[in-house]
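S.K.: Dumping the structure here so I can ask a few things about it.
What follows draws every value from the coordinates through simple rules; no lab data is involved. On a predicted model such as this, the values are computed, not experimentally measured, just so you know. Every residue, glycine as well, gets a Cβ built from its backbone with ideal geometry; the counts of neighbours run over all protein chains shown.
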Amino acid sequence: MKPLNECMSELERSCRENDFIEHRLYDEYDINQGLRDEKGNGVLTGLTNISLIKSYEVKNGAKEPCNGELWYRGYRVEDLINGLGEYEMGYDKIAYLLLFGEMPDDEKYSEFRSVMGTLMPLPANFTRDVIMKAPTDDIMNTMTRSILTLASYDKELKDTSLQNIIRQCIQLISEFPTLAVYAYNAYNYYQNLDSMYIHYPDTALSPAENILTMLRPDKQYTKTEAKVLDTALILHMEHGGGNNSTFTTRVVTSSGSDTYSTMAAAMCSLKGPKHGGANIKVMDMMADISGHIKDVEDDEELTAYFEKILDKDTFDRKGLIYGMGHAVYTLSDPRERVLKSYVKQLAAEKGRTDEYRLYEQVERLAPQVIMNRKHNRSGVCPNVDFYSGFVYDMLGIPKELYTAIFAVARIVGWSAHRIEEIVCTDKIIRPAYMSVMKKKEG
């Protein structure tokens, strides 16, 4: 019998030979790979009333790039955040808006917070029996396993009424911060051989405050820290129906599957490095730049190093300056603009203004280098991932949790889209694939 690795190599060769489809056929049959046209615009596959992304304006019949805008249920996200008090936690209020389409009054907000608190605790012994078993540095996998296991504790699992689905969504939104932090604590104890501590979530605290409380041995945090994390969560809550994980939510929902399976599928999508892990790559890249640049104020030295990155001569040799550019935004990413306004304050509090200065330099110089190289006239801008990893690092959040924190925010958007899909249609999403298979004799 052949060794396993030799068998796998032969099977791989077979797959590469028999699964390959010539690229010319995609053009011949007008197939939009990745559901994007030749200009990178998403193919229209549905309608939504939850959010709006604006990256261009039509003037004299022509599209012109503009500063990016992100709207939640008719409100600009910047206005929503600016409308909060200086240290007010806005996660729950904005979550209500995205889920139900209107800003809550004081009474509705109080009731919603009460419901969130009621649904927050995990089932008895769940932490010991599920989260602590088979811990791994892949926190997204641990969370996904926990989500699917939570279905076993839900006596109304198969009840597909809208009211029950809303209850399940709110429950998972409430439980996600705990699932994320506990998954990390288990990994940190069993694999990093660090101290174990499990702090119960406090129903009176916001998700941002609870994350910091449960993650830190002394449970202490500053108002600035909580405010910055709360803002980051709000900015990551929702980004249209076309992103990979939200579209996954829509697809699985349309099949009639339950809420737990739907959210687990969305998690599997988000964990992909092309979707949810970009801020980790930014952090690694910035450390690499810092280690190779003698003077961060030297524009020529920085520009020369960016050229080397694009030439695949340094860093990870992928030819990418991470955190720069976006599939939709060109002149600016509104989420990055908002987050940056808080980063400087946090960097000053943490004594990390020198690192912040490097980020500013990269933000100023890198887009022009990319535009010159690719002859891009529409514009290249930093995206929200450019600063989010730096923010999490300053908050003492380990890299293993970065994508999980993204999920803690984005489950609100996933839930809103699941609800909208159920309210609007009962049709299963079933796209067509054209077969180019060659028939064989015998």
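S.K.: Would you mind finding the longest exposed-site-free stretch of the chain, with exposed GluC sites (Glu not before Pro) meaning DSSP loop and at most 15 other Cβ atoms within 10 Å?
M.R.: The segment 298-440 is the longest one with no such site.
S.K.: As an exercise, identify the chymotrypsin sites (Phe, Trp or Tyr not before Pro) in region 347-442 lying in DSSP coil whose Cβ has no more than 11 other Cβ atoms within 10 Å.
M.R.: Within region 347-442, the qualifying chymotrypsin sites (Phe, Trp or Tyr not before Pro) (loop, at most 11 other Cβ atoms within 10 Å) are 433.
S.K.: If I take R0 = 51 Å and measure r between the Cβ atoms of residue 200 and residue 327 in this structure, what FRET efficiency does the formula 1/(1 + (r/R0)^6) give, to the nearest 0.05?
M.R.: 0.80
S.K.: Next up: Could you tell me which helices of the chain pass both thresholds, a Cα extent of 30 Å or more along their own axis and a mean Kyte-Doolittle hydropathy of at least -0.5, with helices taken as whole DSSP H runs?
M.R.: Correct list, ordered by number: 162-190, 402-424.
S.K.: Can you pull out the trypsin sites (Lys or Arg not before Pro) in region 334-422 that DSSP calls coil and that have at most 10 other Cβ atoms within 10 Å?
M.R.: Loop-located and lightly packed - 377.
S.K.: Ranked by Cβ crowding within 10 angstrom, fewest neighbours first, how are 341, 152, 254 ordered?
M.R.: Ranked by crowding around the Cβ, least crowded first: 152, 341, 254.
S.K.: I need the Kirkwood Rh of the chain: take the reciprocal of the average 1/r across all distinct C-alpha pairs and report it in angstrom.
M.R.: For the chain, the Kirkwood estimate is 23.7 Å.
S.K.: From zero outward in steps of 10 Å, how is the percent of C-alpha pairs of region 244-283 spread across the bins?
M.R.: Final binned percentages: 33, 42, 19, 5.
S.K.: What whole number of Å gives the distance from the Cα centroid of region 181-252 to the Cα centroid of region 414-442?
M.R.: What the calculation gives is 33 Å, centre to centre.
S.K.: Using 7 Å Cα-to-Cβ label points, what is the residue 426/residue 287 separation (nm, one decimal)?
M.R.: According to this spin-label approximation, the distance is 5.3 nm.
S.K.: Order by neighbour count: 239, 292, 199, 417, fewest other Cβ atoms within 10 Å first, most last.
M.R.: 292, 199, 239, 417
S.K.: Now for a separate question. Net charge around residue 398, counting only other residues with Cβ within less than 11 Å of its Cβ (Lys, Arg = +1; Asp, Glu = -1)?
M.R.: Counting the neighbours of residue 398, the net charge comes to -3.
S.K.: Here's a follow-up. Applying 1/(1 + (r/R0)^6) with R0 = 51 Å to the Cβ-Cβ distance of residue 4 and residue 60, what FRET efficiency is obtained, to the nearest 0.05?
M.R.: 0.20
S.K.: Report the far tail of the P(r) of region 278-394, meaning the percent of Cα-Cα pairs longer than 25 Å.
M.R.: The answer is 16 percent, as a whole percent.
S.K.: Which of the trypsin sites (Lys or Arg not before Pro) found in region 1-66 are in a DSSP loop and have at most 16 neighbouring Cβ atoms, other than their own, within 10 Å?
M.R.: Filter output for region 1-66: 39.
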